[in-house]
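Have a look at the structure below before the remarks.
The values are calculated or read from the model by the stated rules, or taken from the named source; none is laboratory data. These numbers come from a predicted model, not from an experiment. Note that we place each Cβ from the backbone using ideal geometry, even for glycine, and neighbour counts take in every protein chain shown. Accessible surface areas use protein heavy atoms only, side chains included; no ligands, DNA or RNA. Shrake-Rupley method; radii C 1.70, N 1.55, O 1.52, S 1.80 Å.
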Amino acid sequence: FVKVNSTAIANLQLEMEGAAAEIIIEEQRNVIDTESGNQGSVLTKEFLQRIPAGRSYQQAAQLAVGVTGGANPNVGGASSNENTYLMDGVNITDPVTGTFSLNFNFDAIEQIQVLSSAYDPEFGQNLGGAINIVTSNGGNRLEFKLYGDYLNGEWGVRRDAVFGSDGLLLAPTDFDSRFDTKRLSAIVSGPLIRDRVWFVASYQYIRTLIAQSGIDLPRDFDGHYMLAKVTYSPSSSHRITMMGQTDPTTIAPKL
């Protein structure tokens with residue numbers, strides 16, 4: 001198992017047939033990575049499945065060292081619109097806002113690399129962090145996963161209004177606020193030709209209603225995230241990938 005943009009060293013023992021001597025080859029990994037100057041973290045799929053990552057790569061990136069903020073995180077003290085977002089190495093940063101430009105199924109993520117400083121030359125124009133999402137390739141075993149969750153804000157703790165001694169309203173009540181989320185996702189992966197061609201197909205539906213205190217019209221977020229990917233390996237050292245992704249979304253008040 002090799003993490004994205006990292007070097008793995010394996011110690012191998014070679015056995016010689018008919019020889020009386022035994023040859024052992026050992027190599028110690030350097031404490032300092034001399035292969036790259038990047039500073040950051042790699043969040044693996046196994047790690048993301050064990051912790052509350054928020055079911056999105058934007059929230060999962062906040063688990064890396066030096067990252068704070070909300071859906072558009074701040075990395076290394078930079079502003080939220082100074083990050084670079086990549087999917088499988090392809091830049092997906094919104095050129096207008098400087099933030100992420102797409103959403104997709106959280107279960108289709110294999111790794112998330114979050115770089116915070118000391119970038120390699122390919123990130124030379126980056127002022128904040130570099131967030132690279134590596135998607136799943138599939139394998140020789142057919143796999144299917146279905147996930148769903150529902151969050152009802154009515155079940156959460158509510159706060160009463162706060163008034164000063166003179167009756168001045170200091171903080172409004174949140175009994176009239178609302179936050180509901182419905183989410184359903186599915187992913188299937190496996191071989192088209194064993195050891196040569198693999199596929200991944202994923203879909204996620206999400207609907208979120210958010211209303212702040214005193215606002216009667218909630219923000220209605222309705223999204224469909226679709227991804228399809230085929231990987232072909234003509235040899236052990238070469239891979240060809242074809243991928244399609246779309247995330248049609250509507251955001252509007254709901255009467």
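Could you check, for the range 159-182, whether at least one of its residues is loosely packed, with under 12 Cβ neighbours inside 10 Å, among the charged types (D, E, K, R) and at pLDDT below 75?
Checking the range 159-182: at least one residue is loosely packed, with under 12 Cβ neighbours inside 10 Å, among the charged types (D, E, K, R) and at pLDDT below 75.
What number of residues within the range 144-158 satisfy the criterion of being modelled with pLDDT of 80 or more and either open to solvent by 70 Å² or more (accessible area, probe 1.4 Å) or over 30 Å from V188 (Cβ atoms) (or both)?
Applying the first criterion (modelled with pLDDT of 80 or more) to the range 144-158 yields 144-152.
Among the residues that remain, those that are also either open to solvent by 70 Å² or more (accessible area, probe 1.4 Å) or over 30 Å from V188 (Cβ atoms) (or both) are: 144-146, 150-151.
Adding up the residues that qualify gives 5.
Considering only residues that are of a type in the set (G, A, S) and either touching a Cys at 6+ places or on another chain (Cβ under 9 Å) or at pLDDT 85 or above (or both), which ones fall in the range 199-220? First the steps, then the outcome.
Step one: filter the range 199-220 for residues of a type in the set (G, A, S), giving 201-202, 211, 213-214.
Once the filter is applied, which keeps residues that are of a type in the set (G, A, S) and either touching a Cys at 6+ places or on another chain (Cβ under 9 Å) or at pLDDT 85 or above (or both), the range 199-220 yields A201, S202.
Assess whether R55 counts as being within 30 Å of P191 (Cβ to Cβ) and in contact with a Phe, Trp or Tyr (Cβ under 6 Å, 6 or more places away or on another chain). Lay out the reasoning, then the answer.
Numbers: within 30 Å of P191 (Cβ to Cβ): yes; in contact with a Phe, Trp or Tyr (Cβ under 6 Å, 6 or more places away or on another chain): yes.
Here the answer is yes, as R55 does meet what is asked.
Name the single residue, out of those in the range 43-101 being among the basic types (K, R) and part of a helix (DSSP H, G or I), that is surrounded by the most Cβ atoms within 10 Å (Cβ to Cβ). Steps first, please.
Quick first cut of the range 43-101, residues among the basic types (K, R) only: 45, 50, 55.
After this cut, where a residue has to be part of a helix (DSSP H, G or I) as well, the list is 45, 50.
Working: K45: 15, R50: 9.
Filtering the range 43-101 for residues that are among the basic types (K, R) and part of a helix (DSSP H, G or I), the one surrounded by the most Cβ atoms within 10 Å (Cβ to Cβ) comes out as K45.
Mind listing whichever residues of the range 219-240 are in a strand (DSSP E or B) and open to solvent by 70 Å² or more (accessible area, probe 1.4 Å)?
First, the residues of the range 219-240 that are in a strand (DSSP E or B): 219-235, 238-240.
Residues satisfying the conditions are R219, M226, Y232, H238, R239, I240.
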